[in-house]
Amino acid sequence: MHQNPPIPNNEFSRVIDLSELDLDYSNLNERFKDLTKLAARVAGTDISLVNLIDSFTQWTISCHGYQLEQMPREDSVCQYTIMEEEQFQVLDLSLDDRFKDKPYVKNDPNFRYYFGIPLTTKKGNNIGALCVLDKEARALNPEKIELLKIIADEIVNRLVMLQAINSLSNELNEAKEVKKRVAHDIRGPIGGIIGLAELISSQGDQNKLEEVLEFIRLIQKSGTSLLELADEILNSELKASQKNPELKEHELNLLLFKDKLEKLYQPQAVNKGINFKVNINPDHGVAPFPKNKLLQITGNLISNAIKFTPANGVVSVNLDLLVAEKSRTLHIQVSDSGVGLDKQKLEDILSGQSATSTDGTKGEQGYGFGLPLVKYLVDGLKGSMDIISTPGQGTTFDIKLPVPKD
C-alpha cells in the first residue's frame, strides 16, 4: 500500500509555468553545471542535483557527483521539496518511512542525508528543486543554507534568461525572413522600371536622343543588377531549404524530434517493460518547424500512455508533417495498448475538466493535470486534439498543430 503523493494546491498553475519555459531537458547540463558544483562545495556534500518536476517525471537537468537523468516523480524526494516555501530536509532517509524503501536508499549509492530548496518562479510556483545529498548524516548551518538559496535563485534567473534568449533568437530569425520577403517584394517594382526603361529606350532610339538613351541604359543596367541580386537571394534560400535546411535554435524537424523523444522517454518504457517506438514520415524528415511546446505536449502524452499500459504492452508515436498548397500541419499520434478510457472520461479530458489522477497499471501514483495541460497547450497553439479509446483496448491521442508560415 503506497502513500498518497504530495500535490501542491497550485499544481495546474505550476505545470503551466514550467511548460512556458519550453525547455529541452536533454541539453541543459552545460548551462548549470557550475552552479550545481558550487552548491555541493557550499554544502560540503558529495552530490548536488538540479531537478525540474512535471506532471509525471523528475528531470535532472544538471548533476554533480552522481549521474542521473530522470526518475518517476513518485520515487523522488524533491516532490516533497516543491510543497515547501523555504526548504525540505531529511537527516536520515533510511529512517523515514517515505523513503527508506527507495532503491537509492536501500541499495547503492545508499543516500542518507537530503537537503532541498524549491526553485520558485516570479509567479510563486515551485517548478523544481536544488538539492544536495550525502551518504552520511549531517546538518547545514544557517550560513550555508542562505548561500544555497542564493544559488537556487540564480538557477531560476538563468532559466528565465534562457527563455528570453530563445525568444530574442526567434525575433532575429523573423528579421531574416523579412529580408527574404523584401527581396521578393522589390522584384515587381524593379521589373516595372526595367520595362518602362526599355519602352522609353525604344522610343528614344527612333528620335535619336543619344544622351537620353545613355541615361536610360544606365537605369536599365542598374535595374537588371538589382533584379539579379533579388533572384540570387531568393534562389539561395530556396536551394538551401530544398537540400537540407539548417535548423535554427527554436526549430525541430521530424528526425530530431524522434531522436529527442526516444532519448527522453525510452528509459521510462524500458523500466516498465514496454515496447516504445517513434515513427516518422521520411518524406518530410528534414523540413523545419517551430518546436514551441512540442516536447511538453508529446512528452506528457507519452508519460501518460506508459503509466496506463501494462508490462509487455506497446506505446507508439507517429509523427508527420501534412503539407498543403497554402498551409502545413504537424500531425502527432500517441497510441498505447493500455487500459483505455470510457466515454465520460473522454468528455472530461476534452472539456479540460479531468485531472487524470488515477493510479497506473503498476501502482504509479497519479498527480493530475497531465492531460488537461496538454489540452491547454494545444488550444494555445490553435491546434486540435481528438481521443479514440475503448476500455481495455488502448487509447490514441491525435494532435494536429498548424505550422506558422515562413
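Any idea which of Asp17, Asp108 is in a loop (DSSP other than H, G, I, E, B) and either of a type outside the set (Lys, Arg) or within 27 Å of Pro290 (Cα to Cα) (or both)?
Numbers: Asp17 fails: in a loop (DSSP other than H, G, I, E, B).
Among Asp17, Asp108, only Asp108 is in a loop (DSSP other than H, G, I, E, B) and either of a type outside the set (Lys, Arg) or within 27 Å of Pro290 (Cα to Cα) (or both).
For residues in the stretch 235-275 being at pLDDT below 90 and either touching a helix residue (DSSP H, G or I) at 6+ places or on another chain (Cβ under 6 Å) or small (Gly, Ala, Ser) (or both), which is nearest to Val286 (Cα to Cα)? Show your work before the answer.
From the stretch 235-275, those at pLDDT below 90 are 235-252; that's our starting set.
Next, only the ones that are either touching a helix residue (DSSP H, G or I) at 6+ places or on another chain (Cβ under 6 Å) or small (Gly, Ala, Ser) (or both) stay: 236-237, 240-241, 248-250.
Values: Ser236: 18, Glu237: 15, Ala240: 12, Ser241: 9, Lys248: 12, Glu249: 15, His250: 15 Å.
Checking each candidate, the answer is Ser241.
Out of Thr36, Thr60, which single residue is among the β-branched types (Val, Ile, Thr), part of a helix (DSSP H, G or I) and crowded, with 20+ Cβ neighbours inside 10 Å?
On the way: Thr60 fails: part of a helix (DSSP H, G or I).
That would be Thr36, the only listed residue that is among the β-branched types (Val, Ile, Thr), part of a helix (DSSP H, G or I) and crowded, with 20+ Cβ neighbours inside 10 Å.
Quick one: in the stretch 312-330, of everything that is assigned to a strand (DSSP E or B) and among the charged types (D, E, K, R), which residue is modelled with the highest pLDDT? Can you show your working first?
Filtering the stretch 312-330 for residues assigned to a strand (DSSP E or B) gives 314-323, 328-330.
Those still in the list that are among the charged types (D, E, K, R) too: 320, 328.
Details: Asp320: 96, Arg328: 92.
Across the stretch 312-330, the extreme among qualifying residues is Asp320.
Output the residue which, of all residues in the stretch 84-131 that are surrounded by fewer than 20 Cβ atoms within 10 Å (Cβ to Cβ) and small (Gly, Ala, Ser), is nearest to Leu49 (Cα to Cα).
Residue satisfying both the conditions and the ranking: Ser94.
Please go through the stretch 331-362 and pick out each residue that is on the phi > 0 side of the Ramachandran plot and at pLDDT below 65. Walk me through it before giving the result.
Filtering the stretch 331-362 down to residues on the phi > 0 side of the Ramachandran plot leaves 340, 352, 356.
Answer for the stretch 331-362, where residues must be on the phi > 0 side of the Ramachandran plot and at pLDDT below 65: Gly352, Thr356.
Are any residues in the stretch 70-87 within 13 Å of Thr57 (Cα to Cα) and of a type in the set (S, T, N, Q), and if so, which ones?
To start, the set of residues in the stretch 70-87 that are within 13 Å of Thr57 (Cα to Cα) comprises 70-79.
Residues satisfying the conditions are Gln70, Ser76, Gln79.
The values are calculated or read from the model by the stated rules, or taken from the named source; none is laboratory data. All figures in this text were calculated on a predicted structure; none of them were measured in a lab. Note: ideal-geometry Cβ built from the backbone for every residue, glycine included; neighbour counts use all protein chains shown.
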